[in-house]
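**Q** Let me give you the structure first, and then I'll get to my questions.
The values are calculated or read from the model by the stated rules, or taken from the named source; none is laboratory data. The shown structure was predicted, so the numbers you read here are calculated from the model rather than taken from an experiment. Glycine gets a Cβ as well: all are built from the backbone with ideal geometry, and neighbour counts include every protein chain shown.
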Amino acid sequence: MYGGVGERSPAHVRLAEVVGVIGMATDLGIGLPLEHAGRTCLLTMELGRRLGMSRAERADLYYLTLLRMLGCTAGSAEAAEYFGDEVAFGRATQHLDWGDMQSFTRWAQESFGAGREPAERQRMIEKLFSYSPEQHGASLAGHCEVAQMLASRLGSSDSVRAGLGYVFERFDGSGAPNGIRGTDLPLGVRVMVLCNEVEIHHRLKGEAAAVAMARDRSGTAFDPAVVEAFCADATAILSVVDVPALWERLLAADPEPGRVLDRSELIEAGSVMAEFADLKSTYLYGHSTGVAELIAAAAERSGASSEECTTLRFAALAHDLGRVTVSTAVWDKPGPLSDSEWEGVRLHAYYSERMLGKAAGFARAAEIVGMHHERVDGSGYHRGNFAAGQPAGARVLAACDAYVAMRAARPHRPALDPEHAASELRRLAENDRLDVRAVNDVLAAAGHVGPRMRRRWPAELTDREVDVLRCIARGLSIQDAAGDLHVAPKTVDFHLQNIYSKAGISTRAAAALFAVQNGLLDA
Ligand SMILES: [Fe+2]
């Protein structure tokens, strides 16, 4: 019913794929490259094996490392207030030792706000240093708590959940939120903390810099025994991340690869992605889950199969994952966005698609997700596709997203009441922004009663002529089309001549192409 959405349903998705996608989302959310968490995870597997960790311990370490920053969006609003663009701030400070305030102060004086007007830069630096250690500790505690709550819904083990409470702790007890020290920190955490920094320094400056950093922070940030194990075989350990097809390597490195999600676990995983993404702004709380509920209702009413419903629901839950790439300061901005801010916003749909598309089981959902801001007249983003390039599932997701967004407040406007939102959605359909059928389905699913809008077909075709055109595009003969449509062959021929005349064409091949180009096959 929704354009082949169910052909490759996400029925056989591995848990490793889900946490791998989440790892990529957290990377982008803190300003790091897409593969940071994956590369760190591969390093932890190598180092954990050398330290004698069992297969079960390494399995926990695998998931802990990929979920390490699952709480990062919880502090986005506060970070944006004090650091400016919190994503850019994370990128600029990734190499720093957070236990070394002198280095941080030096970096801030030299680099923070560089290029801004002196008065503006001074204001930014004063704001940055007004952020108290107590605020920082509370923020990290919130980060850990949210990560643990979300991870528990992915079926994470007690060990993984506990580990997520220690990701900002340091070996010398100077970390946050609880100052846990030494071997009171689980071995897996000590391995992960080191590998996280090793990945950054190796990527930025190479093996020697990574080894030097590890030795320099040994006994403060890191467990000296873990540092020694790394330094003793650094070249071999680091060689695992300098490989092509990192995603495939990451999946192959899962110590317990048999963990496949059933349908309800998949929807739960999508809900985790939804809440992770929507924590980016208070304006967005509940947005993705609202879109998912609405699209499920719309799909059910339209007779979609259960596979189609699952794919659409998952796509709706995960559609805004790419929002994490943009600062909360932009999402919460009440005024018009600058051109560069708009570029970032336009790319969030791309990043959602790109991350999900890494997992084979999410391929169809990823395609739909990448089009959730497209418009049927080609005025949307990020591709600017016309209707013909948008599967029906993408068009209904776009309509659901628009409706749910209208029903909630945004920085530049209050929430619209249901009738106002419905009339806005109808207006968008009349102006060829949203698909008429999708809007009809969404409004009915949202409880709006009234006649369905009639779709205006290209070249002034009638509904019947579109029925005939679809048969022709499917390769049916006049006889077979007549049988399909329960009319006489001469009636089909009559409509076909009208189609030729209106569309300015004269052959069945051109008619089929006309149907494809105008998105009529699954409309
Ligand atoms: Fe979006």
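**Q** Restricting the search to the stretch 96-106, which residues are of a type outside the set (S, T, N, Q), surrounded by fewer than 16 Cβ atoms within 10 Å (Cβ to Cβ) and either in a helix (DSSP H, G or I) or touching a His at 6+ places or on another chain (Cβ under 9 Å) (or both)?
**A** Within the stretch 96-106, MET101, ARG106 qualify.
**Q** Report whether or not ARG259 is of a type in the set (D, E, K, R) and within 14 Å of the ligand (Cβ to nearest atom).
**A** Working: of a type in the set (D, E, K, R): yes; within 14 Å of the ligand (Cβ to nearest atom): no.
Considered against the rule, which asks whether it is of a type in the set (D, E, K, R) and within 14 Å of the ligand (Cβ to nearest atom), ARG259 comes out as no.
**Q** Could I ask something else about it? Which of the numbered conditions does PHE494 fail, given that it passes all the others? Conditions: (1) surrounded by fewer than 18 Cβ atoms within 10 Å (Cβ to Cβ); (2) more than 10 Å from VAL468 (Cβ to Cβ); (3) free of Cβ contacts under 8 Å to residues at least 60 places away in the same chain.
**A** Evaluating PHE494 over (1) surrounded by fewer than 18 Cβ atoms within 10 Å (Cβ to Cβ); (2) more than 10 Å from VAL468 (Cβ to Cβ); (3) free of Cβ contacts under 8 Å to residues at least 60 places away in the same chain leaves (2) as the failure.
A quick yes/no check of all residues on (1) more than 32 Å from the chain's Cα centre (by Cα); (2) within 26 Å of CYS144 (Cβ to Cβ):
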site: ARG215; (1), (2): yes, no
site: ASP223; (1), (2): yes, yes
site: GLU228; (1), (2): yes, no
site: ASP242; (1), (2): no, no
site: LEU251; (1), (2): no, no
site: ARG259; (1), (2): no, yes
site: SER264; (1), (2): no, no
site: VAL272; (1), (2): no, yes
site: ASP278; (1), (2): no, yes
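**Q** While we're looking at this one, here's another question. Restrict the check to the stretch 501-521 and report whether at least one residue is touching a Ser or Thr at 6+ places or on another chain (Cβ under 8 Å) and modelled with pLDDT of 90 or more.
**A** no
**Q** Only one of these is touching a helix residue (DSSP H, G or I) at 6+ places or on another chain (Cβ under 7 Å) and modelled with pLDDT of 95 or more: ARG203, ARG170, ARG153, ARG181. Name it.
**A** Within the list ARG203, ARG170, ARG153, ARG181, the selection yields ARG153.
**Q** Moving on to the next point. Checking the condition over 30 Å from VAL211 (Cβ atoms), surrounded by 17 or more Cβ atoms within 10 Å (Cβ to Cβ), in contact (Cβ under 8 Å) with a residue 24 or more places away in the chain and touching a helix residue (DSSP H, G or I) at 6+ places or on another chain (Cβ under 9 Å), which residue from GLU275, GLU256 passes? Show your work before the answer.
**A** Working: GLU256 fails: surrounded by 17 or more Cβ atoms within 10 Å (Cβ to Cβ).
Selected residue: GLU275, the only one of GLU275, GLU256 that is over 30 Å from VAL211 (Cβ atoms), surrounded by 17 or more Cβ atoms within 10 Å (Cβ to Cβ), in contact (Cβ under 8 Å) with a residue 24 or more places away in the chain and touching a helix residue (DSSP H, G or I) at 6+ places or on another chain (Cβ under 9 Å).
**Q** Considering (1) buried (at least 23 other Cβ atoms within 10 Å of the Cβ); (2) farther than 17 Å from ARG323 by Cα; (3) not hydrophobic (A, V, I, L, M, F, W, C), say which one GLY370 fails and leave the rest.
**A** (2)
**Q** Taking the conditions exactly as written (of a type in the set (Val, Ile, Thr), within 27 Å of the chain's Cα centre (by Cα), surrounded by 16 or more Cβ atoms within 10 Å (Cβ to Cβ) and over 23 Å from GLN94 (Cα atoms)), does VAL189 satisfy them or not?
**A** no
**Q** Still on this model: Taking the options HIS136, HIS95, name whichever one is modelled with pLDDT of 95 or more and not polar (S, T, N, Q).
**A** From the options HIS136, HIS95, the qualifying one is HIS95.
**Q** Quickly run through the stretch 26-36 and pick out the residues that are surrounded by fewer than 20 Cβ atoms within 10 Å (Cβ to Cβ) and closer than 20 Å to GLY165 by Cα.
**A** Once the filter is applied, which keeps residues that are surrounded by fewer than 20 Cβ atoms within 10 Å (Cβ to Cβ) and closer than 20 Å to GLY165 by Cα, the stretch 26-36 yields nothing.
**Q** Could you identify the single residue in ARG383, ARG433 that is within 29 Å of PHE514 (Cα to Cα) and within 18 Å of the chain's Cα centre (by Cα)?
**A** Only one candidate qualifies: ARG383.
**Q** Among (1) within 20 Å of SER76 (Cβ to Cβ); (2) surrounded by fewer than 16 Cβ atoms within 10 Å (Cβ to Cβ), which single condition is GLY113 missing?
**A** That leaves (2) as the condition not met.
**Q** Has the stretch 158-167 got any residue that is within 19 Å of GLN94 (Cα to Cα) and without any contact (Cβ under 8 Å) to a residue 40 or more places away in the chain?
**A** Within the stretch 158-167, one or more residues are within 19 Å of GLN94 (Cα to Cα) and without any contact (Cβ under 8 Å) to a residue 40 or more places away in the chain.
**Q** If a residue must be closer than 18 Å to VAL189 by Cβ and among the hydrophobic types (A, V, I, L, M, F, W, C), how many such residues does the stretch 223-236 contain?
**A** Kept after step one, since they are closer than 18 Å to VAL189 by Cβ, are these residues of the stretch 223-236: 223-230.
Now drop any that are not among the hydrophobic types (A, V, I, L, M, F, W, C), which leaves 225-227, 229-230.
Here the count works out to 5.
**Q** List every residue pair whose Cβ atoms lie under 8 Å apart, where the two residues are 6 or more positions apart in sequence or sit on different chains, the first residue falls within the stretch 373-401 and is polar (S, T, N, Q), and the second residue, located anywhere, is assigned to a helix (DSSP H, G or I) and within 15 Å of the ligand (Cβ to nearest atom).
**A** Going by the 8 Å Cβ cut-off, the qualifying pairs are GLN390/ALA398.
**Q** Would you mind telling me which numbered condition in (1) under 23 Å from ALA360 (Cβ atoms); (2) in contact with a helix residue (DSSP H, G or I) (Cβ under 6 Å, 6 or more places away or on another chain) ASP262 fails?
**A** In the conditions (1) under 23 Å from ALA360 (Cβ atoms); (2) in contact with a helix residue (DSSP H, G or I) (Cβ under 6 Å, 6 or more places away or on another chain), ASP262 misses (2) alone.
**Q** Looking at (1) within 14 Å of the ligand (Cβ to nearest atom); (2) over 18 Å from GLU268 (Cβ atoms); (3) crowded, with 24+ Cβ neighbours inside 10 Å; (4) more than 17 Å from the chain's Cα centre (by Cα), which one does TYR283 not meet, given that it meets all the others?
**A** Result: TYR283 fails condition (3) only.
**Q** What's the total number of residues in the stretch 226-254 that are closer than 16 Å to LEU51 by Cα and touching a Phe, Trp or Tyr at 6+ places or on another chain (Cβ under 7 Å)?
**A** Of the residues in the stretch 226-254, 1 are closer than 16 Å to LEU51 by Cα and touching a Phe, Trp or Tyr at 6+ places or on another chain (Cβ under 7 Å).
**Q** Let me ask another. Just to check your reading of the model, which residue among ALA409, ALA399 is among the small types (Gly, Ala, Ser), surrounded by 19 or more Cβ atoms within 10 Å (Cβ to Cβ) and at pLDDT 95 or above?
**A** Exactly one residue qualifies, and that residue is ALA399.
**Q** Considering each of GLN102, GLN109 in turn, give the residue that is polar (S, T, N, Q), under 21 Å from ALA221 (Cα atoms) and free of Cβ contacts under 8 Å to residues at least 24 places away in the same chain.
**A** Sole residue among the options that is polar (S, T, N, Q), under 21 Å from ALA221 (Cα atoms) and free of Cβ contacts under 8 Å to residues at least 24 places away in the same chain: GLN102.
**Q** Now, a different point. Just wondering, is there one or more residues in the stretch 144-156 that are free of Cβ contacts under 8 Å to residues at least 60 places away in the same chain, surrounded by fewer than 18 Cβ atoms within 10 Å (Cβ to Cβ) and outside any helix (DSSP H, G or I)?
**A** No, the stretch 144-156 contains no residue that is free of Cβ contacts under 8 Å to residues at least 60 places away in the same chain, surrounded by fewer than 18 Cβ atoms within 10 Å (Cβ to Cβ) and outside any helix (DSSP H, G or I).
**Q** Ok, one more. Hey, among ARG39, ARG49, ARG91, ARG55, which residue is surrounded by fewer than 18 Cβ atoms within 10 Å (Cβ to Cβ) and under 23 Å from the mean Cα position of the chain (by Cα)?
**A** ARG91
**Q** Among the candidates ALA510, ALA459, ALA488, single out the residue that is touching a residue at least 40 places away in the same chain (Cβ under 8 Å), more than 30 Å from GLU419 (Cβ to Cβ) and not acidic (Asp, Glu).
**A** Working: ALA510 fails: touching a residue at least 40 places away in the same chain (Cβ under 8 Å); ALA488 fails: touching a residue at least 40 places away in the same chain (Cβ under 8 Å).
After applying the criteria, what remains is ALA459.
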